[in-house]
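The values are calculated or read from the model by the stated rules, or taken from the named source; none is laboratory data. Note that this is a predicted model, so its numbers are computed, not measured. Note that each Cβ is placed from the backbone with ideal geometry, even for glycine, and that neighbours are counted across all protein chains shown.
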Amino acid sequence: MNRWIKRLRFLASTLILSAVVMGCSLWKNKEEVRFSAIRFFQTGNVAFEQMDFQESIINYHKAIEMDDQTAEFHYNLGLAYFHVEKYKNALTAFENASRLSPEMADTYYNVALIYNKLFETEKAHKFYNKYQSLMAQQKAKQIQNGLLQTANPAANAKAKTMNAQAKKGPVKPGSTATPAASAPIGKKAKKALPGPINKGKKTS
């Protein structure tokens, strides 16, 4: 009887040890994949800076194959596709980026630029208004958190006003409420396309 008990204890301890080893191995493999994804991402950024957009696209895709849950990977892929004028591919990449990181305002700005290039004005206005709304919300939060706080007592009132404006939602095309709604489309007011993100975001 004692012999059977000893055998059962031995088997139990062996199973526990195997489970621990397997768990450590899976964790190690996951970390290796993540770091490999970041390396491809960074290689893509180097190619992007050298204006070798095809090479950057290849590397961003490799990064996404290993880690498709990092918004920056999709965002930079969208930028690369934009520069080679593959706008539909760029839209798909930006949509993935916005799904993973809805607060990334520049994503909506870039989508507005693409729709403008595709002569889809209403959609361009829609996404530019989304960009404006997010920027207003972020600025208001910065003021409320004291990041832009000054000695002026009107700062809090300004933050409340910006929050109220942000909550109104997007402005319809042609509305006079925000004349800047068509700003990214015009030659004078259009800002430069945001550059690629250089730091990979580690996912848990």
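Can you confirm whether region 109-119 contains a residue that is of a type outside the set (D, E, K, R) and within 28 Å of Arg34 (Cβ to Cβ)?
Step one: of region 109-119, the residues of a type outside the set (D, E, K, R) are 109-116, 118-119.
Next cut, within 28 Å of Arg34 (Cβ to Cβ) only: 110-111.
Scanning region 109-119, I find at least one residue that is of a type outside the set (D, E, K, R) and within 28 Å of Arg34 (Cβ to Cβ), so the answer is yes.
I'd like the residue in region 119-148 that is closer than 21 Å to Ser101 by Cβ and of a type in the set (S, T, N, Q) and, out of all such residues, is surrounded by the fewest Cβ atoms within 10 Å (Cβ to Cβ).
Selected residue: Asn145.
Looking at the structure I just gave you, is Phe73 of a type in the set (Phe, Trp, Tyr), within 22 Å of Glu31 (Cα to Cα) and in a helix (DSSP H, G or I)?
Here the answer is yes, as Phe73 does meet what is asked.
Of the residues Thr150, Thr107, Thr92, which single one is in a loop (DSSP other than H, G, I, E, B) and either at negative phi or modelled with pLDDT under 95 (or both)?
Thr150
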